[in-house]
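Step one of this worksheet: look at the structure below.
Rule-based calculations on the coordinates, nothing more; no lab input. Nothing here was measured: the structure is a model prediction, and the numbers come from that model. In this analysis, Cβ positions are derived from the backbone assuming ideal geometry, glycine residues included, and neighbour counts consider all displayed protein chains.
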Amino acid sequence: MPADGCKQVLLIAVLAVKFVVMRPETLKVTISFQCLLNQVIGFLKLAAPTYSLTGITGNAVTLTLVTDCDLSPYIFEGGPAVTLDASREFAAEQATRFLRAEYGLQIHDLSSEAKYRLDLCAFLYEMKRIAIDSLNKPKPPEKNRWPVPPVRPHGDKYICIDYIDVLRVVVVATKARVSVIEVAELATTKWVAWLTVYPPGSIDMECIYSQVMSSCKAAKQDAAKRAIQFLRICYNVDIIDLNHGKGVYSGIKCALSRESYMSIPTPALPPAAPRKPKASSSFGEHAVQRSVPVLDDAFKDGRNSMRQRSSKRSRAISALLEPDKNSEVAGGGARQAGLLTESFGTSGDYVRQRSTKRSRAFGPLQAADKISHAKQSQVLSKQNKREPSKAHKPKHPQKDSDYYLSFGGSTAITSLTPNTGPVLPKYTPIAEVPATSSPDDRFDILGVVVYLEDTKKKKSSGGYEFDVRDVIVVDDSVQKIGDGLVISLYGDLATKDCAQLSAWCESFMIVSFRHLQPTSHAGLVLSYCCPYVPQTISLSLLILSALGFSLSSSMSTTIDRNPTGPEVNALRAWVLENQDRVTDHMGHHLSQRDGSSSNVIMAVKDVTKKTSGTATAYERHWIKVTIPDVKQEDVNAYIGCSGCRKRCDNVDTVKFYCDVCSAQCTAKKSIRLTAYGKQCEAFLGLKMQNLYRKRLEITMTEWPEFKDIAAGLKEKPLKLEVGPTGAIKRVGYLKWIVKSVELE
């Protein structure tokens, strides 16, 4: 201390330094789609694809794929890219997605594996939450409704990617030091594989080994898969594969399930009750010298009942052997000595005599008894004869039986086990709706309404008028603007239930659709005869196929304006984060549906420049063309039966391909189009019934009027409205067809 008594103050300056841990930059790595395409083609046993260079500059590659020898090949454009390999990869990716949608393949990769793990985690959190809730409820009146566990798909058309090839791509991108995969056989059909990896920024070595597998190849694949997972975490790698982006919804659902589980307080269990000491006997153990009296009585009763049954059987057999003494057959049946006679068999040679005390025996009838028994059977058959069911009219010839059961509007369906609770929906993401589905499949869809069409009136083939309305919904799985799911609603669903969706453009409306079925697309075809159908020619509607890119309402379809559940919460959170994207969906469908076609004439070369990536399913364009060369062979008719939905055997020589042409158009100002039904009437100037008769019943040499029709089409300009087929949404294949015709 100083002498003056002043305190010396020592000031210490503290420098606060804030350290921020920066997350390493995400490294995006794309798998080799060329290898995956070769794997898919090998599974389908198709011809190997061919790659060709379309231009000298731009590195644009075209992939040609042949799926059927009778059809023209499919062409996929890689487009201009930095390198040739990048263009080849893009074309191979398009071809792989096309084959998966066309053949209904299940391709398992890293993204689908991650999606399964997230679904499983959400399922486990939901199970824990339900278990804790059940502890808080004293003896609930009904059983807990457990969630449906996730199922890993593994069908007949299942393909798993080559993890060794993916590991090679990841190692090249990350420049990690990875050893070769070693394999050892532990025992018969027991293999194990391992490899070593040096983590980044470390001198330590990580050894990764597989599970014990039944084959050498499976062990290598499992070890490569584990090494990929390790490198993804160390290098922060985002692997882009075929199912990339489909796990976002599962991640949100898992996070919400965990948050719901953590928000429930864990109940405090009461202390266990004190255990009471067991009382021991004061007497010693002694062996029993005789049987228990109760057991003796039971044995005696059993022996007495056996004696009674044997005596009754003896009396019944004696009554059968001597029927004249013990029984008397009358018109109303035999009843004597406590016996009842019933018919047994088809010939009437045996009867079953049953006493009033339920003893039974079988024996032969005498000659007189046969006559009396036959008369008795005739009388009883006349008295008990019921009026048979009436056969319905041959309205549904495709049914195997002559009788059917129909459900009307007043039919009530109730559950046999009402205490089990309601059946929870199992929502299918829109992008995972299969491209080809069975008519018996049903789907539960949850989505945001981006377009609601006005109600339209349509008529069925029987003249019945009904209401129909299309609704377009999207969810987080829809990647491309304009690829929403079209749901066609009929009857009261289109009028009363859709009235609740009238404010779809004012706010983002999440709606649940239950039990939707694949839409059946119909077309005008010739109804030819099967052996049981009269030999007539008429026009009818024939269901061509059930395509999964659009759904429609069924008898069990319900619309829920206010759905609940973790899926709804996840979709609502996605909508709040992607409001601009949902708005773009709405604007696109409004512009395409309400004003998709204009009277502006577009050049043919501008239409041919469009690809499946730039064209949408609802756009329409007007072109002004002339048809220079019309051939009679271009007028085709589909030969089939409207009853059995099969091609007739007697006309197998006639074939019809709706969107395939063997001729290739090389002129820049030419385009190949296909016209159906009413458009053919406008082109040729004949009704459909006359066209079918000309094409099928009359030979080509007996159609002299066709030359005049061809000459008129060659000189007369036509104004056509063209648009893409439904294949652009189903498999991403662009094909233009004629929507309407205007003659000048």
Computed from every Cα-Cα pair in region 108-262, P(r) in 10 Å bins starting at 0 and rounded to whole percents is 10, 28, 29, 21, 10, 3, 0
J(HN,Hα) series, region 91-99, from Karplus relation 6.51 cos²θ - 1.76 cosθ + 1.60, nearest Hz, glycine and proline x: 5, 5, 5, 4, 5, 5, 5, 5, 5
How many angstrom lie between the Cα centre of region 167-229 and the Cα centre of region 52-85? 36
Any chance you could list the semi-axes, whole Å, largest first, of the equivalent ellipsoid that the Cα gyration tensor gives for region 404-517, using √(5λ)? 25, 21, 16
Taking a 27 Å limit on the Cα-Cα distance, which of the listed pairs K175/K220; K687/K707; K458/K605; K458/K739 fall beyond it? K458/K605
Whole-Hz Karplus ³J(HN,Hα) for region 230-246, in order, using 6.51 cos²θ - 1.76 cosθ + 1.60 and θ = phi - 60°, x for Gly and Pro? 5, 5, 4, 6, 5, 9, 6, 9, 10, 8, 9, 10, 5, 9, 5, x, 7
So, for the Cα atoms of region 468-516, Rg and Dmax in Å stand at 11.5, 32
Using a 10 Å cut-off around each Cβ, can you sort T608, T26 from fewest to most neighbouring Cβ atoms? T26, T608
Output wanted: per-residue J couplings in Hz (rounded whole) for region 85-90, from phi through Karplus 6.51 cos²θ - 1.76 cosθ + 1.60, θ = phi - 60°, x for Gly and Pro. 5, 5, 5, 5, 5, 5
Using amide H atoms built in the peptide plane, which far-off residues or other-chain residues are under 5 Å from V29 H to H? D238, I239, I240
If we count other beta carbons within 10 Å of each Cβ, what is the order of T188, T583, fewest first? T188, T583
With a 10 Å Cβ neighbour count serving as the proxy for reagent exposure, in which order, fewest first, do Y198, Y451, Y464 appear? Y464, Y198, Y451
When the gyration tensor of region 212-266 is built from Cα positions, what are the square roots of 5 times its three eigenvalues, in whole Å, from largest to smallest? 31, 17, 12
Grab the alpha carbons of region 60-131, take their convex hull, and tell me the volume per residue in Å³. 116
